[in-house]
Amino acid sequence: AQTVTQSQPEMSVQEAETVTLSCTYDTSESDYYLFWYKQPPSRQMILVIRQEAYKQQNATENRFSVNFQKAAKSFSLKISDSQLGDAAMYFCASKGSYSGAGSYQLTFGKGTKLSVIP
Amino acid sequence: KAGVTQTPRYLIKTRGQQVTLSCSPISGHRSVSWYQQTPGQGLQFLFEYFSETQRNKGNFPGRFSGRQFSNSRSEMNVSTLELGDSALYLCASSFTNGFDEQYFGPGTRLTVT
């Protein structure tokens, strides 16, 4: 079984500043993927960034980057040049728990609510 | 390409009733997963369907069931509703539900009174 822990229920950042959201996970799988999802107040969950566990290089998507520390089972999200539109719930998730028949279950953390201060 | 759609968006039911929620995946996607989101429990996996077969099931009582049709559209049903079933129900689709990305719908907000 996989578990995902987000220890920061809420965070705030000044517009144009940088913020880092923390996530730790636990898994016995050797092959897995990690994700950060964003859920704005409109509720549509969208993928922000993904990281393949076998890749040592940290993933980057424009202003979003991750710090993936495999040995420490840590997967933090850094948002640079924060914008008002970044305000949302952010969920860390892992995928790797194989259920058989080709299906992988997505396990989510409890989420971090990010506020952006103008 | 149209995204994942869910109907209805909002629903109010009474305890003891049953409810059916619908999800239409992105065209070409064959896997549909369902999640329950509540403030207390967060996002919890309900079940996953692929080519009309349930491949995976979360830890929910038998009152929660689902199915998938030949066009990949999926429905989930909750019978004998309880107050605790009030939640946002999210549907997500992907090509195979291997390590490919899941795309989420806007959700159905169910309120049980």
- Query: Can you tell me how many residues in the stretch A:65-91 are open to solvent by less than 30 Å² (accessible area, probe 1.4 Å) and not polar (S, T, N, Q)?
  - Reply: 9
- Filter result (open to solvent by less than 40 Å² (accessible area, probe 1.4 Å), among the β-branched types (Val, Ile, Thr) and assigned to a strand (DSSP E or B)) within the stretch B:1-26: B:19
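Results for (1) among the small types (Gly, Ala, Ser); (2) under 27 Å from residue A:110 (Cβ atoms); (3) buried (at least 21 other Cβ atoms within 10 Å of the Cβ), shown as yes or no for each residue.
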{"position": "B:28", "(1), (2), (3)": "yes, no, no"}
{"position": "B:35", "(1), (2), (3)": "no, yes, yes"}
{"position": "B:46", "(1), (2), (3)": "no, yes, yes"}
{"position": "B:51", "(1), (2), (3)": "yes, no, no"}
{"position": "B:60", "(1), (2), (3)": "no, yes, no"}
{"position": "B:64", "(1), (2), (3)": "no, yes, no"}
{"position": "B:68", "(1), (2), (3)": "no, no, yes"}
{"position": "B:71", "(1), (2), (3)": "no, no, no"}
- So residue B:98 fits all but one of (1) more than 14 Å from chain A (Cβ to nearest Cβ); (2) farther than 24 Å from residue B:18 by Cα; what number is the exception? (1)
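Residue by residue, here is whether (1) within 14 Å of chain B (Cβ to nearest Cβ); (2) part of a loop (DSSP other than H, G, I, E, B) holds:
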site	(1), (2)
A:30	yes, yes
A:38	yes, no
A:49	yes, no
A:65	no, no
- Message: What's the total number of residues in the stretch B:84-104 that are buried (at least 21 other Cβ atoms within 10 Å of the Cβ) and aromatic (Phe, Trp, Tyr)?
- Response: 2
- Task: Using the structure shown, decide if residue B:97 is outside any strand (DSSP E or B) and in contact with an Asp or Glu (Cβ under 8 Å, 6 or more places away or on another chain).
- Result: yes
- Query: So is residue B:81 open to solvent by less than 10 Å² (accessible area, probe 1.4 Å), over 14 Å from the mean Cα position of the chain (by Cα) and among the aliphatic types (A, V, I, L, M) or not?
  - Reply: yes
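The values are calculated or read from the model by the stated rules, or taken from the named source; none is laboratory data. Note that this is a predicted model, so its numbers are computed, not measured. Positions of Cβ are backbone-derived with ideal geometry, glycine not excepted, and every protein chain shown enters the neighbour counts. These accessible areas exclude ligands, DNA and RNA; they are computed on the full protein's heavy atoms, side chains included. Shrake-Rupley method; radii C 1.70, N 1.55, O 1.52, S 1.80 Å.
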